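Novice: First the structure, then my questions, so here it is.
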There are 2 protein chains.
Amino acid sequence: MLSKSCVYALRAIIFIAHNAREEAKIGIKEIAQELDLPVHYLGKILQQLTKHKIIQSIKGPNGGFYLDRESKQVRLIKVIEVMDGLDVFFQCGLGLNNCSEEHPCPLHDNFKVYRDGLYTLFSTTSIADLANKIDEGNAFIQNFPSKLKDSLK
Amino acid sequence: MLSKSCVYALRAIIFIAHNAREEAKIGIKEIAQELDLPVHYLGKILQQLTKHKIIQSIKGPNGGFYLDRESKQVRLIKVIEVMDGLDVFFQCGLGLNNCSEEHPCPLHDNFKVYRDGLYTLFSTTSIADLANKIDEGNAFIQNFPSKLKDSLK
DNA sequence: ATAATAAAAGACCTAAATATCTTTTATTGA
DNA sequence: TCAATAAAAGATATTTAGGTCTTTTATTAT
Ligand code: FES
Ligand code: FES
């Protein structure tokens, strides 16, 4: 569906929204550790997001990442656009070179419903929307710890 | 969404269903040409499908591919399972290591609707269902010719 | 039997996605 | 102004998906 780079990006942004403020930025190592992501790879991704002004970063001591007021209102679709492009929401589900009502594949009518639904979902959901669910304790952005077995030593 | 191998497979099967019978099999070169697919790559794919009994093939002169009665009733999900596996329909949209009601990501409730919808669609649609739409002229499995400009010479 | 045909099988190549490592630049506090 | 910090940037490595080419095997018609 979405590339790894893209879901890494989304999770990192949500984590930053939930855990950082301009006065208390969060570093890349901590983000990577908490989300079980490869540090340097995540670095590349956050770098891209910074360049596109989707997140904010400051170098040096006490530096790190945070989201300003506008960034928290960014929609998921914007992140997807930067990381993967939006083709997936406009392409034919059976790989025809174009998807249209004039030359539809036999799956078109049914497939379009879900493809468009996802597009709408991503277009109407903001980072803040998801971060709020974490804040309220109704959802999680960190992996469920699969190492509970280690705790019985 | 689905890998190229998978959509190539789906299109090829539908094309075979629409264009071949046991008494009039269709060769791989013709399929590849009509669907704008790389011949040898398609060969690999059809080989896999044959091994899984999803399509039928006969070697030698007058040989080629066709679908028997049962094969036409195969559901799309079966093809997807063979080509890509079914993980995509059970994985978290934000890449958490598991997707569950007990440890949901903040997108879970909304995302699940579409992911499950697609799973149901692919599980309830058969090759014959799609081939029929082609037969009836209500849909297409070949690309819309983008070379119409060539026709004005 | 044999030559021609067409898929199966296997080896190999290429490009893109994913991941790691090293160096540079900006910032801060001592 | 210097040392420490942390992100940016760049180079490189690995893995997987996608694609090509060659050889083998099965089938058919002559
Ligand atoms: S033509 Fe296939 S999904 Fe629209
Ligand atoms: S936990 Fe993310 S989709 Fe279910």
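Novice: What order do you get for A:R115, B:R11 when you list them from fewest to most C-beta neighbours inside 10 Å?
Specialist: In order of increasing Cβ crowding within 10 Å: A:R115, B:R11.
Novice: Next question, about the same structure. Taking Cα atoms, how many degrees apart are the long axis of helix A:4-19 and the longest axis of chain A, rounded to 10 and kept between 0 and 90?
Specialist: 50
Novice: With 10 angstrom as the radius, rank B:Y114, A:Y41, B:Y119, B:Y8 by how many other C-beta atoms surround their C-beta, starting from the fewest.
Specialist: If I rank by nearby Cβ atoms, fewest first, I get A:Y41, B:Y119, B:Y114, B:Y8.
Novice: Moving to a separate point now. Which value, in debye to the nearest 20, describes the size of the charge dipole of the protein assembly as shown about its Cα centre when Lys and Arg Cβ atoms bear +1, Asp and Glu Cβ atoms bear -1, and nothing else is charged?
Specialist: So the magnitude is around 880 debye.
Novice: Listing B:M83, B:M1 from the residue with the fewest other Cβ atoms within 10 Å to the one with the most, what is the order?
Specialist: In increasing order of surrounding Cβ atoms, one gets B:M1, B:M83.
Novice: Apply the Karplus curve 6.51 cos²θ - 1.76 cosθ + 1.60, θ = phi - 60°, to the phi angles in the stretch A:108-123 and return the couplings in whole Hz, x for Gly and Pro.
Specialist: 3, 4, 6, 5, 4, 3, 7, 4, 5, x, 5, 4, 5, 4, 5, 7
Novice: Further, regarding this structure: Restricting things to alpha carbons, tell me how big chain B is in terms of Rg and Dmax, in Å.
Specialist: 18.2, 65
Novice: Oh, and also: From the helices alone, meaning DSSP H stretches of at least four residues, give me the mean residue ellipticity at 222 nm for the protein assembly as shown, per-run term -39500 (n - 2.57), in deg cm²/dmol to the nearest 500.
Specialist: My calculation for the protein assembly as shown gives -14500 deg cm²/dmol from helical runs alone.
Novice: Which entries in the list A:K44/B:K78; B:K4/B:K59; B:K53/B:K112; A:K78/A:K112; A:K133/B:K78 go over 29 Å, if you measure between the two C-alpha atoms of each?
Specialist: Table pairs above 29 Å Cα-Cα are A:K44/B:K78; B:K53/B:K112; A:K133/B:K78.
Novice: For the protein assembly as shown, what percent of Cα pairs sit more than 24 Å apart?
Specialist: Tail of P(r) above 24 Å: 60 percent of Cα pairs.
Novice: Name the longest site-free stretch of chain A, where the excluded sites are GluC sites (Glu not before Pro) in a DSSP loop with no more than 10 other beta-carbon atoms within 10 Å.
Specialist: Result, exposed sites excluded: A:24-100.
Novice: Got a sec to turn the phi values of the stretch A:75-80 into Karplus ³J(HN,Hα) couplings, 6.51 cos²θ - 1.76 cosθ + 1.60 with θ = phi - 60°, whole Hz, x for Gly and Pro?
Specialist: Per residue, the Karplus-derived 3J(HN,Hα) values read 8, 4, 4, 5, 5, 4 Hz.
Novice: Sort by residue number and name the cysteines in chain B that have no neighbouring cysteine Cβ under 4.7 Å.
Specialist: If one checks each Cβ against the other cysteines of chain B, B:C6, B:C105 turn up with nothing under 4.7 Å.
Novice: Residue by residue through the stretch A:49-56, which ³J(HN,Hα) values in whole Hz follow from phi under the Karplus form 6.51 cos²θ - 1.76 cosθ + 1.60 (θ = phi - 60°), with glycine and proline marked x?
Specialist: Along the stretch A:49-56, the couplings run 5, 5, 4, 8, 6, 7, 9, 10 Hz.
Novice: The stretch B:39-61 to the stretch A:1-25: how many Å between their Cα centroids?
Specialist: The distance from the Cα centre of the stretch B:39-61 to that of the stretch A:1-25 comes to 44 Å.
All of the numbers you see were taken from the coordinates with simple rules; none came from a lab. Keep in mind that this is a model prediction, so the values were computed, not measured. Don't worry about glycine lacking a Cβ; one is built from the backbone with ideal geometry, like all the others, and counts go over all protein chains shown.
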